[in-house]
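Q: Okay, here's the structure, questions in a sec.
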Amino acid sequence: MAHVKNHAHSQAQGHDDHHDGHVDQESLRRFGFWIFLITDVILFATLFATYIVLRNNTNGGPTGAELIEMPGIIASTFILLTSSFTSGLAVLSMNKGNLKGLIGWLAVTVLLGASFIALEVNEFVHLVHEGATISTSAFWSGFFTLVGTHGLHVSIGLVWMIGLMIQLKRHGINNITKRKVDVISLYWHFLDVVWIFVFTFVYLMGVM
Amino acid sequence: MAQHTSHSNGAGGNHGHSEESHGHGSLKSYVIGFVLSIILTIIPLVVIMNDMLQGKAALIVLLGTAILQFLVQLLFFMHLNEENKPRYNLMTLLMGILIAGTIVAGSIWIMTYNAVAT
């Protein structure tokens, strides 16, 4: 059974039965990260509130419905959904003690995340060419701030994930790298959740 | 440690289900979660792109599928339901949702009669 093996593995490496403090520290760090995610929820809530309130303030300029091109958005939505799944598979490989599988799935997740960002940059360039910049109207300010903040989070996640892959190559799977992988996969699922709401409120409602 | 005891208990009782280990999810739960999230993305997409519903009905479908999608991610990917008691993760999440809901709903309410009409 995967779990028993895994448990024995961690015992061999960290002797965590004798040093309970170690285990508690790591789970405390996981919880600390969870609290950060909750504060990030609040940050996004303020951006969503701003966007929704200003959705009609287009100042006579272009509206979202006129310029948004759904095919690219639909593609990036499925790419991000898939990357959330592959980051889960990475955690699953880790729990089986499979370092190669773990790094491999993280690499797939990074590639999917990078294509998401590429599509987003492409979309922003298209919008700017069509005359919708962050200073065009209150609506576009809200739009670029909300979607851009999410994109920034994904970009940071990419850098972080690449750094973690290097650490995993050097140190292998131990209690500390385990916690780091758990935390980044939580972060990635969280970004997927935020994107679902961006997709619903900004894009689907925008073209409705 | 409570966590360890429950782990070894689970190992004893779960022989034969090699993938059913708890606490970190299984391949099955990830696949179910992934399929559900794809379906929950396609439903609103089809409804909106084909103009199958308008106004309130469309809004309800959009919000409903988004919230279900949120729950799928929480349960199948983040394993919130597998947390040991006391459920601090759930409590902080509910606190966050309360604040987020207050900010969004409150802003909409305050600004309703000040918004630019379509």
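Q: Please go through the range B:58-102 and pick out each residue that is more than 9 Å from every other protein chain (Cβ to nearest Cβ) and in contact with a Ser or Thr (Cβ under 7 Å, 6 or more places away or on another chain).
A: First, pick out the residues of the range B:58-102 that are more than 9 Å from every other protein chain (Cβ to nearest Cβ): B:60-61, B:64, B:67-68, B:71-72, B:75, B:79-87, B:90-91, B:94, B:98.
Across the range B:58-102, the qualifying residue is only B:V72.
Q: Please list, ordered by first then second residue, the pairs with beta carbon atoms under 9 Å, 6 or more apart or interchain, first in the range B:69-84 and farther than 13 Å from B:I32 by Cβ, second basic (K, R).
A: Taking only residues 6 or more apart or on different chains, the pairs are B:L80/B:R87.
Q: Conditions first: (1) of a type in the set (V, I, T); (2) in a helix (DSSP H, G or I); (3) more than 22 Å from the chain's Cα centre (by Cα). A:I162 passes all but one, so which condition is the exception?
A: Only one criterion is unmet by A:I162, namely (3).
Q: Every residue in the range A:119-135 that is buried (at least 18 other Cβ atoms within 10 Å of the Cβ) and not in a helix (DSSP H, G or I), please.
A: The one that is buried (at least 18 other Cβ atoms within 10 Å of the Cβ) and not in a helix (DSSP H, G or I): A:A132.
Q: If you take the residues of the range B:39-57 that are at the interface with chain A (Cβ under 9 Å from one of its Cβ atoms) and polar (S, T, N, Q), which of them is farthest from A:V193 (Cα to Cα)?
A: Per the stated criteria, the residue is B:Q54.
Q: Pairs only if they're at least six apart or on different chains, beta carbon under 6 angstrom, first in the range A:55-76 and on the phi > 0 side of the Ramachandran plot, second open to solvent by less than 40 Å² (accessible area, probe 1.4 Å) and at pLDDT 90 or above; list them, first residue then second.
A: As it stands, the answer is A:N59/A:S137, since those pairs meet every condition given.
Q: Restricted to the range B:103-118, and to residues that are within 7 Å of chain A (Cβ to nearest Cβ) and of a type in the set (V, I, T), which residue is nearest to B:V47 (Cα to Cα)?
A: Checked the range B:103-118; the qualifying residue nearest to B:V47 (Cα to Cα) is B:T118.
Q: Here is a follow-up. Which pairs turn up if I take residues in the range A:83-110 that are at the interface with another protein chain (Cβ under 9 Å from one of its Cβ atoms) and under 15 Å from A:L158 (Cβ atoms) and look for partners that are in a helix (DSSP H, G or I) and among the polar types (S, T, N, Q) with beta carbon separation below 8 Å, at least 6 apart in sequence or on another chain?
A: A:S84/B:S37; A:S84/B:Q73; A:S87/A:T109; A:S87/A:S185
Q: Working carefully through the options B:N84, B:N89, find the one that is among the polar types (S, T, N, Q), in a loop (DSSP other than H, G, I, E, B) and over 21 Å from A:F48 (Cα atoms). Steps first, please.
A: On the way: B:N89 fails: in a loop (DSSP other than H, G, I, E, B).
Going through B:N84, B:N89 in turn, just one is among the polar types (S, T, N, Q), in a loop (DSSP other than H, G, I, E, B) and over 21 Å from A:F48 (Cα atoms): B:N84.
Q: To continue, here is another question. Would you point out the residue of the range A:53-66, among those that are under 17 Å from A:F199 (Cβ atoms) and open to solvent by 20 Å² or more (accessible area, probe 1.4 Å), that is farthest from the other protein chains (Cβ to nearest Cβ)?
A: It comes out as A:A65.
The values are calculated or read from the model by the stated rules, or taken from the named source; none is laboratory data. In this text, all values refer to a predicted model and were calculated from it rather than measured experimentally. Glycine also receives a Cβ, built like all others from the backbone with ideal geometry; neighbour counts cover every protein chain displayed. Heads up: the accessible areas ignore ligands, DNA and RNA and are worked out on the full protein's heavy atoms, side chains in. Shrake-Rupley method; radii C 1.70, N 1.55, O 1.52, S 1.80 Å.
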